[in-house]
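Okay, structure first, notes after.
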Amino acid sequence: MQFQIECNSLEFNQLCLICNQQLRMRDARLIVSSDRGDSYGDVCYNCMVRGSTWLNSQLQKLDNRSSVLT
Ligand SMILES: [Zn+2]
């Protein structure tokens with residue numbers, strides 16, 4: 001799991017990958033991607049500040065859910 005912080009250049013509204021809240025577009029965005037470089041999506045500021053350990057555990061749950069679906 002990789003985290004990438006980029007300057008926000010999006011004009012459309014995105015949903016947070018973890019909590020599904022609409023992202024408040026600020027000056028930076030956090031993009032989550034797999035080790036292979038596949039982008040999972042964006043994480044909102046509220047989730048971002050909880051730290052990478054918490055983020056990783058939440059994303060692990062997402063991983064489990066998607067592997068059930070496929
Ligand atoms: Zn969030």
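How many residues does segment 11-39 hold that are assigned to a loop (DSSP other than H, G, I, E, B), within 14 Å of the ligand (Cβ to nearest atom) and in contact (Cβ under 8 Å) with a residue 24 or more places away in the chain?
First, pick out the residues of segment 11-39 that are assigned to a loop (DSSP other than H, G, I, E, B): 11-14, 16-21, 23-27, 34-38.
Add one more test, that the residue is within 14 Å of the ligand (Cβ to nearest atom), and what stays is 13-14, 16-21, 23-26.
This time we only want the ones that are in contact (Cβ under 8 Å) with a residue 24 or more places away in the chain, so: 14, 16-19, 21.
So the answer is 6.
Could you tell me which residue of segment 40-61 is farthest from Leu30 (Cα to Cα), considering only residues that are open to solvent by 100 Å² or more (accessible area, probe 1.4 Å) and within 11 Å of the ligand (Cβ to nearest atom)?
Filtering segment 40-61 for residues that are open to solvent by 100 Å² or more (accessible area, probe 1.4 Å) and within 11 Å of the ligand (Cβ to nearest atom), the one farthest from Leu30 (Cα to Cα) comes out as Arg50.
So Arg26 clears everything in (1) touching a helix residue (DSSP H, G or I) at 6+ places or on another chain (Cβ under 8 Å); (2) modelled with pLDDT of 85 or more; (3) exposed (fewer than 11 other Cβ atoms within 10 Å of the Cβ) except one condition, right? Which one?
The number of the failed condition is (2).
The values are calculated or read from the model by the stated rules, or taken from the named source; none is laboratory data. Predicted model only: the values in this text are computed from it and were never measured. Cβ sites come from the backbone with ideal geometry, for glycine too, and all protein chains shown count toward neighbours. SASA here: full protein model, heavy atoms, side chains in, ligands and nucleic acids out. Shrake-Rupley method; radii C 1.70, N 1.55, O 1.52, S 1.80 Å.
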